[in-house]
1. Only residues that are assigned to a strand (DSSP E or B), touching a helix residue (DSSP H, G or I) at 6+ places or on another chain (Cβ under 7 Å) and farther than 17 Å from Leu273 by Cα: list them for the stretch 196-233, please.
2. Just give me the residues in the stretch 91-109 being of a type outside the set (Gly, Ala, Ser), surrounded by 21 or more Cβ atoms within 10 Å (Cβ to Cβ) and in a strand (DSSP E or B), in sequence order.
3. Pairs under 8 Å by beta carbon, first residue assigned by TED's automatic domain parsing to the domain that holds Thr113 in the stretch 190-202, partner acidic (Asp, Glu), six or more apart or different chains?
4. What's the total number of residues in the stretch 301-319 that are exposed (fewer than 11 other Cβ atoms within 10 Å of the Cβ) and at pLDDT 90 or above?
5. Considering the stretch 145-196 alone, what residues qualify as being among the hydroxyl-bearing types (Ser, Thr, Tyr) and more than 23 Å from Phe291 (Cβ to Cβ)?
6. Just to be sure I understand, how many residues within the stretch 42-90 are assigned to a helix (DSSP H, G or I), hydroxyl-bearing (Ser, Thr, Tyr) and either outside the structural domain of Met127 (by TED's automatic domain parsing) or farther than 14 Å from Ile115 by Cβ (or both)?
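The values are calculated or read from the model by the stated rules, or taken from the named source; none is laboratory data. This structure is a prediction, so every number in the text was calculated from the model and none was measured. Cβ coordinates were reconstructed from backbone atoms using ideal geometry, including for glycine residues, and neighbour counts include every protein chain displayed.
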Amino acid sequence: MPSNNLSHEVRSESGPERDQVVDVGFSFCIVAYHTKAYLHECLLSLYTNPPDAQYEIIVVDNASNDGTLEMLASEFPSVKVITNTQNRGFTAPMNQALQLAKGNYLVQLNPDTLILPGAFNVLQGFMDAHLDVGICTPKILNRDGTLQKQCRRSAARPWDAFTYLTGLSRLFPRSPRFNGYLMGYKDENEIHQVEAVSGSCMVIRRKVIDQVGYLDESYFAYQEDSDFCFRARKAGWLIYYFPDAQIIHYGGEGGAEVHLYQSIYHWHLSYFLYYRKNLAQDYFFLFNGFFYFLIGIKLALALIRASLSSGKYVGSKKP
């Protein structure tokens with residue numbers, strides 16, 4: 001039975017504030033909702049490929065009824081568990097885990113991920129050697145071994161969003177001007193600085209949390225990672241993509257399991273909130289009004305397209 005010598009804890013919906021920080025290297029924070037099988041494989045991969053440093057695992061369950069809690073209690077008694085009585089989305093439950101975490105490095109990790117050998121040892125080595133790096137992501141792979149392009153990206157300013165959504169980035173994949181959002185002009189096998197990373201696996205130095213706070217719960221799901229990265233960069237921290245460490249992310253199985261229309265709505269609402277909060281002040285108010293109108297048009301088109309699609313849920317590709 002996997003164990004990392006940490007006691008099993010089942011917490012209430014609110015959960016206590018974290019105790020005094022002890023010598024824990026990593027806190028792996030996972031939000032789960034009806035993802036028993038994926039979470040089981042994720043935890044097995046983590047226990048099979050653990051970091052050398054002391055670590056803890058915290059799972060927040062959003063009222064799953066698929067046997068997730070029973071599986072955790074019987075097979076992973078060292079995992080700390082926070083149980084919610086309803087699906088609270090992603091951001092608020094992740095904050096529950098982050099607030100309980102004791103580690104020097106806090107890892108947002110999706111349940112539909114697999115940890116590859118040595119990933120967090122080399123990540124820790126990189127961040128220990130670069131104290132100005134506040135957030136880091138490994139190279140995140142699709143199930144077929146290709147790069148999951150969303151893992152490294154820009155701050156999604158209007159031009160980058162426009163070139164991505166109109167397909168110009170695919171026409172000019174090596175152009176910094178036209179493929180700025182997913183940074184396709186950068187070698188995926190080289191370490192480099194980025195503006196934002198995916199919350200599917202985001203390693204955060206504790207000092208960043210202490211300085212800028214937790215995730216903004218205005219975001220039910222989506223864009224909370226971009227917002228947090230924006231705040232960290234504004235506070236002077238660097239963000240890096242580190243391909244020497246690798247994980248697999250299946251995508252679309254992370255636990256939100258909302259209907260397609262709700263997922264599309266929340267993605268567009270989150271981007272609107274992110275833009276208004278972080279970017280709008282840099283543009284003329286008439287441009288902002290026009291840009292909000294375009295977001296609304298895109299939402300309408302995405303809903304129409306979804307109504308003609310046989311798919312039920314949104315996968316790893318943004319709508």
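1. Correct list: Val197, Met202, Val203, Arg205.
2. Result: Tyr105, Leu106, Val107, Gln108, Leu109.
3. Filtered contacts from the stretch 190-202: Ile191/Asp244; Ala196/Asp225; Val197/Asp225; Ser198/Asp225; Gly199/Glu224; Gly199/Asp225; Met202/Asp225.
4. Residues in the stretch 301-319 being exposed (fewer than 11 other Cβ atoms within 10 Å of the Cβ) and at pLDDT 90 or above: 1 in total.
5. Thr146, Tyr185, listed by residue number.
6. Looking only at that region, the number is 2.
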